[in-house]
1. Could you list all residues from region 278-302 that are over 20 Å from VAL362 (Cβ atoms) and in contact with a Lys or Arg (Cβ under 6 Å, 6 or more places away or on another chain)?
2. Scanning for something surrounded by 15 or more Cβ atoms within 10 Å (Cβ to Cβ) and more than 30 Å from PHE174 (Cα to Cα), does region 190-209 turn up at least one residue?
3. Given the criterion within 21 Å of GLN37 (Cβ to Cβ) and of a type outside the set (Val, Ile, Thr), identify the matching residue among ALA328, ALA295, ALA340, ALA277.
4. Would you please name the residue that is surrounded by the fewest Cβ atoms within 10 Å (Cβ to Cβ), looking only at residues in region 36-54 that are in a strand (DSSP E or B) and either in contact with a strand residue (DSSP E or B) (Cβ under 6 Å, 6 or more places away or on another chain) or in contact (Cβ under 8 Å) with a residue 12 or more places away in the chain (or both)?
5. Of all residues in region 134-159, which are of a type in the set (Val, Ile, Thr) and part of a helix (DSSP H, G or I)?
6. Where residues in region 332-361 are surrounded by 20 or more Cβ atoms within 10 Å (Cβ to Cβ) and among the aliphatic types (A, V, I, L, M), which of them is nearest to GLN298 (Cα to Cα)?
7. Return the residue satisfying two criteria in turn: it lies in region 161-188 and is of a type in the set (Asp, Glu) and either loosely packed, with under 11 Cβ neighbours inside 10 Å or in contact (Cβ under 8 Å) with a residue 12 or more places away in the chain (or both), and of such residues it is farthest from LEU46 (Cα to Cα).
8. Any idea how many residues of region 244-300 are farther than 30 Å from THR195 by Cβ and of a type outside the set (Asp, Glu)?
Amino acid sequence: MKSVHRIRLTFTLLGALALSGCLDEDGGSGDDTSSGQVNFNGFSGLSYQTASQSGTTNPAGEFRYYPGETITFRVGDLPLVSGVPGRQFVTLLEFFEVTRTELETPMADDEGLSTHTLTEQQVLENTTLMNLSRFLMLLNWSQNVSEGDGIDIRDRVIAQLNTALPDLTAPIDFSVSESEFTATDPMSPANQLLTAICFYPEDDELCDELPTQEEIDNAPPRPENDEDRDPDIEYSEDLQAKKDRIENAVRTMEGIDSEDAQTYLTRELKAISTTLANRYFLDEDVASHPATDTALKQVAVRKIGGGLSLAELEAISTRPQDVQINSADWQSGEVEYFVAGPSGGESELLLSFRPEDTYRWVRKQLRVIIR
């Protein structure tokens with residue numbers, strides 16, 4: 001680990017509007033609600049309810065809410081979570097109070113600076129989160145959620161889900177152990193529900209009833225010669241092949257494992273973090289000062305469109321023998337530093353800061369050259 005001097009100033013947010021838009025989330029013209037979305041690449045088919053708004057998320061995963069409201073999500077008649085704070089981006093990691101609380105505590109990276117990404121990876125080990133994520137990914141119309149794609153829970157899937165819910169042997173409980181949630185013998189409620197859903201058009205053969213063993217046994221065997229076969233007759237071998245195709249098209253929890261879910265969620269989290277970081281910049285990227293100029297210098301965090309509002313700010317110099325940090329001020333977003341080394345030296349000033357109303361940290365850097 002590099003030798004660094006670290007300054008950290010922390011601001012406790014008292015009375016802040018917990019759901020004010022850190023990423024510009026105002027509603028459209030004539031609409032004073034805020035717009036949020038589930039995940040980055042979209043999540044359609046989730047029903048949502050706030051104290052004042054209700055609806056279904058569109059392909060972008062969008063929902064409407066007023067700042068301060070919490071959200072209840074469900075798929076059709078299946079309740080998922082409640083009490084989720086409304087924000088511009090809501091990920092599945094923020095669906096549960098325990099994981100939301102964990103996200104508020106950053107971890108230190110190799111530079112000794114706070115980061116949310118290590119905390120996110122730790123949260124991804126939560127069993128309840130994994131159970132829910134895997135289940136929702138399996139409700140996607142195409143089983144695999146490709147990079148850059150969102151989750152698409154279609155009306156046909158929701159209709160079948162609602163039909164199957166009353167027949168489950170027990171309610172779906174995302175908080176049980178992974179082995180209980182994914183059990184196949186006896187079949188868990190989650191698997192009972194998945195196997196009752198056909199993810200193909202209604203008239204597709206794969207949505208037909210399974211041929212029974214009695215039907216297969218009673219059907220005539222297929223003639224060896226093609227010219228002897230009757231196209232209007234389903235032979236025993238045909239029924240067995242049809243049964244195999246239908247069974248192979250059935251989804252179970254084994255279709256998506258925890259690693260698949262973690263990969264998907266990590267992509268979504270990274271995209272949101274990048275979007276947030278792109279809204280901020282330093283007022284200079286490279287600074288050059290003579291070795292004889294030891295006066296205090298400043299570098300400031302700026303936000304595109306203005307309105308900078310930070311909750312925490314940390315700063316280090318990677319080569320304090322050449323450039324040292326004097327102070328960091330979260331209120332102004334400014335870091336003061338001074339030249340401490342000889343001509344030819346240089347250092348990177350690393351600034352890590354957390355905007356208000358988000359657990360995410362942004363990293364920016366300034367190269368300081370001593371001439």
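The values are calculated or read from the model by the stated rules, or taken from the named source; none is laboratory data. Everything numeric here is computed off the predicted structure, so don't read it as measured data. With ideal geometry, Cβ positions are generated from the backbone for all residues, glycine too; neighbour counts draw on all protein chains shown.
1. Matches in region 278-302: SER288, PRO290.
2. no
3. ALA277
4. The extreme case among them is GLN49.
5. VAL157, ILE158
6. Result: VAL335.
7. Among them, the one singled out is ASP185.
8. Result for region 244-300: 28.
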